[in-house]
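Take a look at the structure set out below.
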Amino acid sequence: MAEYIESLQRLAEQFGRLEGVGKKNAMKMAFSVLDMADEEAQEFARAILEAKEKIHLCPICQNITDKDICPICSDYQRDRTTVCVVSDPRIVLSMEKVREYKGLYHVLHGVISPMNGITPDKLKIKELLSRIADGEIDEVIVATNPTVEGEATAMYIARLLKPLDIKVTRLAYGVPMGSDLEYADEVTLFRAIEGRRDF
């Protein structure tokens, strides 16, 4: 019967566009919205629109924020000589849970993947280079996932930075090959940061 209700189908289709949400779960979510009181549904819709309206990229590190400059970049207690390069804002959240890394971040918003049409110019590498040109950064920790694309991206960045006399390190492999840093536990991430190695 659900497939005959056009507005319900449309709602399920929208949920189905979310990463990792299959058809069944999308329909479950659509029914969950129907079960909400009107006020709850309006609040839910407002939260989506507000997030889209207020969240943007930090002009310094390219992480997501709802401030002019993100809280990490504007925290002058942090080590401003070290930058950890990650592929995705979600990895910043995971790294921050460890509470051991005290430097800054730079978010690439992807990894080099020619098969998927992602070339270096589509990532936030230019912005990283202009930060390094300011002269405050001594070490760049490349923390891309240990996958073929993550490794290719790490090697590309290392090659770009070597002539600039910047120390470039890579997370140690407490993180298994092919895994996703976003889902690594805190102890594994801590060991990976502590045991980082030079390129």
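The values are calculated or read from the model by the stated rules, or taken from the named source; none is laboratory data. Please read all numbers here as calculations on a predicted model, not as lab measurements. Here the Cβ positions follow ideal geometry from the backbone for every residue, glycine too, while neighbour counts run over all protein chains shown. The area values use the complete protein model at the heavy-atom level, side chains included, leaving out ligands, DNA and RNA. Shrake-Rupley method; radii C 1.70, N 1.55, O 1.52, S 1.80 Å.
Scan segment 95-116 for residues that are assigned to a loop (DSSP other than H, G, I, E, B) and over 14 Å from THR153 (Cα atoms) and the total you get is 5.
Does any residue of segment 51-72 turn out to be farther than 30 Å from ALA133 by Cα, open to solvent by 60 Å² or more (accessible area, probe 1.4 Å) and without any contact (Cβ under 8 Å) to a residue 24 or more places away in the chain? Scanning segment 51-72 turns up at least one residue that is farther than 30 Å from ALA133 by Cα, open to solvent by 60 Å² or more (accessible area, probe 1.4 Å) and without any contact (Cβ under 8 Å) to a residue 24 or more places away in the chain. Listed conditions (1) closer than 30 Å to CYS70 by Cβ; (2) assigned to a helix (DSSP H, G or I) are all met by VAL21, apart from (2).
Please find, among GLU39, GLU100, GLU3, the residue that is modelled with pLDDT of 95 or more and of a type in the set (Asp, Glu). It would help to see each step written out before you state the result.
Numbers: GLU100 fails: modelled with pLDDT of 95 or more; GLU3 fails: modelled with pLDDT of 95 or more.
Checking each option against the conditions leaves just GLU39.
Of note, TYR105 does not satisfy the criterion of being at pLDDT below 95 and surrounded by 19 or more Cβ atoms within 10 Å (Cβ to Cβ). Inspection of segment 164-174 finds no residue satisfying the criterion of being open to solvent by 20 Å² or more (accessible area, probe 1.4 Å), farther than 23 Å from THR65 by Cα, among the aromatic types (Phe, Trp, Tyr) and not in a loop (DSSP other than H, G, I, E, B). Among the residues of segment 117-153, what is the count of those that are over 10 Å from SER87 (Cβ atoms), open to solvent by less than 20 Å² (accessible area, probe 1.4 Å) and not in a strand (DSSP E or B)? Counting residues in segment 117-153 that are over 10 Å from SER87 (Cβ atoms), open to solvent by less than 20 Å² (accessible area, probe 1.4 Å) and not in a strand (DSSP E or B) gives 5.
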